[in-house]
Structures are given as C-alpha cells and as structure tokens.
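Trainee: I have a structure I would like to understand better, so I am pasting it below and will then ask my questions one at a time.
The values are calculated or read from the model by the stated rules, or taken from the named source; none is laboratory data. Since the structure is predicted, the reported quantities are computational estimates derived from the model, not experimental observations. Here the Cβ is made from the backbone with ideal geometry for all residues, glycine too, and neighbour counts use every protein chain on show. These accessible areas exclude ligands, DNA and RNA; they are computed on the full protein's heavy atoms, side chains included. Shrake-Rupley method; radii C 1.70, N 1.55, O 1.52, S 1.80 Å.
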Amino acid sequence: KKNNTSNGECINDILINKFDDLGLSYLLISRSHASTTIFTLINFLDNLKTKLEYLITNVGFVDCTPKKIDIIQDILLQAQTTFPSFVANVDFAEKFRLSSGEMVDLSTLNFEDYLENCAIKIENYCENIFLVGTPVFPSTVEFKRRRPASFHSQLKVTNTYLSLLNQFFKCCHLIDVNPNRENWNELILDGVHYSTEMHNVIAERILGNLL
C-alpha cells in the first residue's frame with residue numbers, strides 16, 4: 001500500500017483515495033524499472049508468484065516509441081529473461097538531435113509475434129485484466145520539448161499492440177483514455193507527461209470500467 005503524498009493530483013493518488021474509501025486491498029507499482037515495458041510486468045509477476053484478482057496496467061505506453069539503442073538492448077534483456085529464445089526485429093526509425101545537441105540513432109522494437117505468449121504469461125497470475133490505452137494526440141500538436149517525427153505514429157502502434165493483446169485474454173477490458181477534447185497542450189505537457197486535468201480524465205475512465 002502506498003500513502004497519498006501529492007494531494008490527489010495524479011492517477012495513482014486518485015485511485016488510492018478511491019480504493020481506501022472502499023476498503024479495498026491493493027498493491028501499487030509505479031515505474032519499477034527505467035524502461036518499464038510489458039516484459040517488466042511479466043518479470044514482476046513471475047517473481048511475485050501471487051494470483052491477483054484484478055490487474056490494472058498502462059504498460060505498453062513506452063514499449064513502441066522510438067528509443068536509443070541502449071534502451072532497446074535493456075528491453076531485449078528483459079524480454080529474454082521472460083522468453084529465453086526471444087527474437088524481435090529492431091528497426092531503425094530516424095536520426096534525432098537531443099536537447100544536448102547530440103545526434104543519435106533511434107530505433108523501434110517489433111515484438112508482435114510474442115503478444116500471445118505475453119498474454120498467456122500474464123493470465124497465469126491475473127483473473128481480470130484492465131489494459132489502459134495510450135492517448136494519441138493529433139500530429140499537428142507542438143510541444144516545447146520536441147519529439148521525434150516517428151513518435152506520434154508509434155503511439156498508434158502501441159494501441160494496436162494493446163488491441164491485439166486484448167484479444168488473447170479470456171477476461172480483459174481495454175480502456176480508451178483519449179479525452180475527446182481539443183486542448184491537448186493543456187492535457188499532455190510534452191507528449192508523455194500528463195497535466196492534472198488529464199490525470200483526472202484517465203482515473204475516471206479506469207474507475208468507470210472497474211466499479
């Protein structure tokens with residue numbers, strides 16, 4: 001159990017307050033690894049060795065976005081811990097200049113062929129699964145922190161993967177968190193981090209599906 005320390009302004013705090021009000025028991029894990037992906041979740045469940053009645057997760061959010069090769073290698077290592085024979089396509093995405101001025105190669109990881117295996121693994125530990133989708137803002141939205149050109153299209157790939165993953169589960173709910181609003185710059189601060197308003201939108205969608 002995690003105590004509320006940030007005045008109810010983020011998704012975690014909103015859910016914690018609601019679960020506490022209902023007297024529910026829960027375990028909340030927030031970014032347990034620098035590159036938290038679906039393989040991080042599976043490795044965590046393998047080590048937890050506990051059957052969960054409900055799993056609510058937004059893993060998948062960063063799985064498909066373009067990354068530097070060292071982060072790709074970290075994800076591959078996590079995947080190979082889960083699936084020793086894991087092989088996936090690492091596709092070059094683009095060259096991108098970081099805020100430091102350094103020019104780097106960015107790549108994406110294609111592991112669609114392993115989604116069914118991932119679902120089987122997760123379902124071994126979870127009775128009811130809630131997959132939180134990724135908000136996909138219009139490509140015309142500009143943020144102060146520039147994102148790679150391939151970033152936007154890869155957010156769509158994330159939701160495609162979640163939809164495919166959803167089909168392999170027996171009892172799964174895919175939660176659409178797109179806000180149906182036009183003030184994207186007020187909702188997603190830099191393409192990744194959410195404003196208080198967006199935290200509330202997502203928390204409401206989760207609770208609406210769960211309760």
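Trainee: What nm value, rounded to one decimal, do you get for the distance between K156 and L189 when each label is placed 7 Å out toward the C-beta?
Mentor: The two pseudo-label positions are separated by 2.8 nm.
Trainee: Of K49, K170, K156, which has the largest mean-square fluctuation in a 10 Å C-alpha GNM of the chain?
Mentor: K49
Trainee: Just name one of L77, L28, N110: the one whose Cα is farthest towards the positive end of the charge dipole of the chain (beta-carbon charges, Lys/Arg +1, Asp/Glu -1).
Mentor: Of the options given, the answer is L77.
Trainee: Moving on. Roughly how many percent of the accessible protein surface of region 53-156 is carbon and sulfur, given a 1.4 Å probe and a whole-percent answer?
Mentor: Whole-percent figure for carbon plus sulfur exposure: 48.
Trainee: For region 78-86, take each phi angle, set θ = phi - 60°, evaluate the Karplus expression 6.51 cos²θ - 1.76 cosθ + 1.60, and give the result in whole Hz per residue in order, putting x for glycine and proline.
Mentor: With the stated coefficients, region 78-86 comes to 4, 5, 6, 5, 7, 10, x, 9, 4 Hz.
Trainee: Find me the longest stretch of the chain that has none of the exposed GluC sites (Glu not before Pro), where exposed means in a DSSP loop (not H, G, I, E or B) with at most 16 other Cβ atoms within 10 Å.
Mentor: 10-101
Trainee: Now for a different question. Residues with beta-carbon under 13 Å from that of T82, excluding T82: net charge, scoring Lys, Arg +1 and Asp, Glu -1?
Mentor: Taking every other residue near T82 into account, the sum is 0.
Trainee: By the gyration tensor of its Cα atoms, with a ≥ b ≥ c the square roots of the eigenvalues, what is the shape of region 1-146: rounded for a/c under 1.5, prolate for a/b over b/c, or oblate? Display every interim value, and only then the final one.
Mentor: Details: a/c = 2.25, a/b = 1.29, b/c = 1.75.
Judged from the Cα gyration tensor, region 1-146 comes out oblate (a/c at least 1.5, b/c at or above a/b).
Trainee: Want the number for E197 to E53: 0.36 nm per residue separation, take away the alpha-carbon distance, what's left?
Mentor: 48.9 nm
Trainee: Additional query: What share of the DSSP beta bridges in region 1-143 is antiparallel, in percent to the nearest 5?
Mentor: Expressed as a percentage, antiparallel bridges in region 1-143 total about 65.
Trainee: For the chain, set up a Gaussian network in which alpha carbons nearer than 10 Å are linked by springs, and say which option among D20, D46, D176 fluctuates the most.
Mentor: In the Gaussian network model the winner is D20.
Trainee: Can you quote the Å³ per residue value for the convex hull of the Cα atoms in region 80-172, rounded to an integer?
Mentor: 134 Å³
Trainee: Considering only C-alpha atoms, what is the centroid distance from region 158-211 to region 42-63, in Å?
Mentor: Their Cα centres are 17 Å away from one another.
Trainee: What size of dipole, in debye to the nearest 20, comes out for region 122-211 about its Cα centre when the only charges are +1 on Lys and Arg C-beta atoms and -1 on Asp and Glu C-beta atoms?
Mentor: Dipole of region 122-211, to the nearest 20 debye: 300 debye.
Trainee: Further question on the same structure: Any idea what the dipole of the chain comes to, in debye rounded to 20, about its Cα centre with Lys/Arg Cβ at +1 and Asp/Glu Cβ at -1?
Mentor: About 220 debye.
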